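Chemist: One structure, pasted below without further comment.
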Amino acid sequence: MFEQSFKNIDNILHTDSGCGTELDYIEQTSWILFLKYLDDLEEIKKTEAALSGKGTYSYILSPEYAWDTWACPKNGDGTLDYNKALDGDDLKDFVDNKLFPYLKKFRDEHSNTIEYKIGEIFHELKNKISSGYKLREILNVVDGMHFKLYEEKHELSHLYEAKIKNMGNAGRNGGEYYTPRPLIKTIIKVVDPKIGNTIYDGACGSAGFLCEAFNYLTENQSKLSSSEMETLQNKTFYGKEIKSLAYIIGIMNMILHGIEAPNIKHMDTLSENINDIQEKNRYDIILANPPFGAGIGREIQQNFPIKTGETAFLFLQHFIKILKAGGKAGIVIKNTFLSNTDNASVSLRKLLLENCNLHTVLDLPGGVFAGAGVKTVVLFFEKGTPTKKVWYYQLNLARNLGKGNPLNTADLAEFIELQKTKADSDNSWITEVKDIDQTTFDLSVKNPNKATEVALRDPKEILEEMKKLDKESEEILTSIIKLI
């Protein structure tokens, strides 16, 4: 329904001097889509209020800031009223100096409301579209998009996910915001959250894990009671994100998936001392792909018992601490976590094995994360009992993964099936914790079912080849000298 509209918007932004990257495109598309989505949502709530006999619906936005007033005022026949529609500098001036300042004020509302989220979004964003005429063109395109029916909302959320993926593929820091959806869906299937669980991602980025968990729990929406839907809306999904653009996109993504007032906080998760985490702060389920990379300062490291400059290792400590006893987690991390010999890595592996049941490790091939250049594993664990044995699955594909050849659902089908019973196969095996080195707690992926022997060449053969190459090099050099 909306694919061509998204392309048209991108084409317009491509010609505007204020927007130069895929990151700008999604940022600017986001705030306009949000206001149109909000307008449709308000109309739905107005109709629901009338049908339920609750009386007159009270609109969130004042009349002068309603979509049909400033963005696309209509004639009686539903066409754009060009006499009232702002354009050019008038439109840009209204958006920059009236609309955005007005919407920012909603930040003063209570935090767990859609009003507060409106304020948060527009406090972090600014209009980068430099031409009011280009903005008018985009508003006209978006006005033709409607988000009232389930099918329309589903299509919108699907296309928005595609834009997030493109942003990740655009490079720079965009890739931090995108985890391949087949991998997220697989992790959620294995962790298997239930309605009533609290689900947390302390490095939520574009909120892919939270959105897909919502989809997983609402696959049979017709069977959900009103109280279950209320629980999903307000008491299930929680996240934190430090970067402004990722935070905004995360909120937008959740709203477009149907979660009206996302419980996402704009903050540095690692700034919280994990000793201050109390039982009331803990969650049933953790789904995350925390950022990795060294460089965390000593001040932040003081918040953790195991000091390290590696971001992902600090996040893992946070996740273990904030998970409820009996809670379940699926966390993506660099594969070097399993084997690094530094004190922090050894201590963290010991902590994980002693405090949690690390029942499954999914070993992923390179190329799963476009442009990341690292290999990763997924740790599946439950808190409260020590690990006795670990079931490993090594994802061996007959092709190289990359931007044009991404990970797909079929690639992970065998893992999902075998994981149910922790079965042995060419790609899977069990390691007893009592059999690993009790000083290093090395958990390296070592597939015992794969032949690792390398055919070694005879030393004489290697020396003969070296002589041959030396002779060829000498002859080429002699020829060059003759030419000179």
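Chemist: Out of segment 268-299, which residues are at positive phi and more than 18 Å from the chain's Cα centre (by Cα)?
Modeler: G295
Chemist: May I ask you to list the residues in segment 275-295 that are surrounded by fewer than 18 Cβ atoms within 10 Å (Cβ to Cβ) and touching a helix residue (DSSP H, G or I) at 6+ places or on another chain (Cβ under 9 Å)?
Modeler: Those that are surrounded by fewer than 18 Cβ atoms within 10 Å (Cβ to Cβ) and touching a helix residue (DSSP H, G or I) at 6+ places or on another chain (Cβ under 9 Å): N275, I277, N281, R282, P291, G293, A294, G295.
Chemist: Turning to a different aspect of this structure: Anything in segment 180-207 that is touching an Asp or Glu at 6+ places or on another chain (Cβ under 8 Å), part of a helix (DSSP H, G or I) and either within 17 Å of Q233 (Cα to Cα) or of a type in the set (V, I, T) (or both)? List them, or say none.
Modeler: Residues satisfying the conditions are I184, I188.
Chemist: Count, please, the residues in segment 61-85 that happen to be assigned to a loop (DSSP other than H, G, I, E, B) and surrounded by 17 or more Cβ atoms within 10 Å (Cβ to Cβ). Talk me through it step by step, then tell me what you get.
Modeler: Initial filter on segment 61-85 (assigned to a loop (DSSP other than H, G, I, E, B)): 61-62, 66, 71-73, 75-79, 81-85.
Filter once more, so that each one left must be surrounded by 17 or more Cβ atoms within 10 Å (Cβ to Cβ): 61, 66, 71-72, 85.
Of the residues in that region, 5 qualify.
Chemist: Continuing with the same structure: Go through (1) modelled with pLDDT under 95; (2) farther than 19 Å from K334 by Cβ; (3) hydrophobic (A, V, I, L, M, F, W, C) and name the single condition L401 misses.
Modeler: Only one criterion is unmet by L401, namely (2).
Chemist: Now, a different point. Residues being under 21 Å from S271 (Cα atoms) and surrounded by fewer than 20 Cβ atoms within 10 Å (Cβ to Cβ): count how many of those fall in segment 334-346.
Modeler: The qualifying residues number 1.
Chemist: Let me ask you something else. Provide a single number: the residues in segment 416-437 that are buried (at least 16 other Cβ atoms within 10 Å of the Cβ) and part of a loop (DSSP other than H, G, I, E, B).
Modeler: Residues that pass the stated criteria total 3.
Chemist: A further question follows. List pairs: first residue in segment 417-428 and free of Cβ contacts under 8 Å to residues at least 40 places away in the same chain, second residue among the basic types (K, R) anywhere in the structure, Cβ distance under 9 angstrom, at least six positions apart or on different chains.
Modeler: Close Cβ pairs (under 9 Å, with a partner that is among the basic types (K, R)) amount to D426/K450; N427/K450; S428/K422.
Chemist: With the requirement that a residue be in contact with a helix residue (DSSP H, G or I) (Cβ under 7 Å, 6 or more places away or on another chain) and surrounded by fewer than 17 Cβ atoms within 10 Å (Cβ to Cβ), what does segment 16-33 give you?
Modeler: none
So that you can scan it fast, the table gives a plain yes or no per residue for (1) over 22 Å from H158 (Cα atoms); (2) in contact with a Phe, Trp or Tyr (Cβ under 6 Å, 6 or more places away or on another chain); (3) modelled with pLDDT of 95 or more:
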residue	(1), (2), (3)
K223	yes, no, no
F237	no, no, yes
I249	no, no, no
G258	no, no, no
N263	no, yes, no
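Chemist: Within the bounds of segment 336-345, is there any residue that is in the same structural domain as T431 (by TED's automatic domain parsing), touching a residue at least 40 places away in the same chain (Cβ under 8 Å) and touching a helix residue (DSSP H, G or I) at 6+ places or on another chain (Cβ under 7 Å)? Don't jump to the end; show me each part of the working.
Modeler: Of segment 336-345, the ones in the same structural domain as T431 (by TED's automatic domain parsing) are 336-345.
If we keep only those that are touching a residue at least 40 places away in the same chain (Cβ under 8 Å) too, we end up with 337-339, 341.
With the extra rule that they be touching a helix residue (DSSP H, G or I) at 6+ places or on another chain (Cβ under 7 Å), the set shrinks to 337.
Checked against the condition, which is being in the same structural domain as T431 (by TED's automatic domain parsing), touching a residue at least 40 places away in the same chain (Cβ under 8 Å) and touching a helix residue (DSSP H, G or I) at 6+ places or on another chain (Cβ under 7 Å), segment 336-345 yields at least one hit.
Here is a yes/no grid of residues against (1) crowded, with 17+ Cβ neighbours inside 10 Å; (2) in contact (Cβ under 8 Å) with a residue 12 or more places away in the chain; (3) of a type outside the set (A, V, I, L, M):
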site	(1), (2), (3)
C211	yes, yes, yes
F214	yes, yes, yes
S227	no, no, yes
E230	no, no, yes
K235	no, yes, yes
Y238	yes, yes, yes
E241	yes, yes, yes
Y247	yes, yes, yes
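The values are calculated or read from the model by the stated rules, or taken from the named source; none is laboratory data. Since the model is a prediction, treat every value here as computed from it, not as a measurement. Here Cβ is always computed from backbone atoms with ideal geometry, including for glycine, and neighbour counts include all displayed protein chains.
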